[in-house]
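To start, the structure under review is shown below, and the notes come after it.
The values are calculated or read from the model by the stated rules, or taken from the named source; none is laboratory data. Model, not experiment: these values are computed from the prediction. Every residue, glycine among them, receives a Cβ derived from its backbone with ideal geometry; neighbour counts consider all protein chains shown.
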Amino acid sequence: MTETNAGLPIEDRVRIAYQEARRRPNSPWQAIDGAWGKLTGALHSYKVMINSDLSDRRQAEQIRQKAYEEAEAFFTRVQNMDPRQFHTLTPMNTAPALSAEQMAARWVDNLTRQGIVLEVVRPSKLVISPASRLKQQDRDAIVPLKKEIMSEVERRKDAWTL
């Protein structure tokens with residue numbers, strides 16, 4: 001980050017840092033564009049979480065802020081890097097694998113957006129209705145995440161039980 005960019009919002013600083021890193025002669029564009037793609041993916045996740053009525057907005061904002069900070073640090077590092085060291089950067093075309101908790105949160109978001117209701121019935125039952133809306137591939141993907149999905153549904157539940 002340059003002194004002139006210090007007062008700008010982080011979104012603008014990251015965009016400028018990306019463009020400046022990309023302009024360098026012989027820049028490692030695969031790594032730079034991969035980092036941009038990773039940022040774009042994180043921002044998409046942020047938008048999905050914000051648009052979900054059940055999501056934790058504070059957690060979503062933390063994901064967004066962390067993504068911008070990591071991208072800014074990477075692009076700034078590329079800008080300041082000796083061109084002879086560009087080979088040390090690896091392309092970031094693939095995002096890191098999601099944890100079971102993250103996958104469960106995505107499933108809960110996707111299913112509730114489709115109007116599917118998830119309910120936890122104690123001691124260890126997960127009721128998903130209407131079942132007719134689930135495809136077999138959805139069922140196959142949900143079964144191994146049952147425990148995580150149940151805890152995500154419980155975490156999001158906005159109810160008072162007496």
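Some notes on this structure:
- The listed residue being over 17 Å from the mean Cα position of the chain (by Cα), free of Cβ contacts under 8 Å to residues at least 40 places away in the same chain and surrounded by 10 or more Cβ atoms within 10 Å (Cβ to Cβ), out of Ile128, Ile149: Ile128
- Tallying residues that are part of a loop (DSSP other than H, G, I, E, B) and under 25 Å from the mean Cα position of the chain (by Cα) within the range 100-125 yields 3.
- Qualifying residue in the range 48-56 (condition: surrounded by fewer than 12 Cβ atoms within 10 Å (Cβ to Cβ), at pLDDT 85 or above, outside the structural domain of Val117 (by TED's automatic domain parsing) and not β-branched (Val, Ile, Thr)): no
- Every condition in (1) surrounded by fewer than 18 Cβ atoms within 10 Å (Cβ to Cβ); (2) within 20 Å of Ser52 (Cβ to Cβ) is met by Met103 except one, and the failing one is (1).
- Considering residues of the range 12-25 that are touching a Phe, Trp or Tyr at 6+ places or on another chain (Cβ under 7 Å) and touching a residue at least 12 places away in the same chain (Cβ under 8 Å) only, the residue surrounded by the most Cβ atoms within 10 Å (Cβ to Cβ): Val14
- Of the residues Tyr68, Tyr46, the single one that is closer than 25 Å to Asp158 by Cα and aromatic (Phe, Trp, Tyr) is Tyr46.
- Residues (surrounded by fewer than 10 Cβ atoms within 10 Å (Cβ to Cβ) and β-branched (Val, Ile, Thr)) located in the range 110-125: Val121
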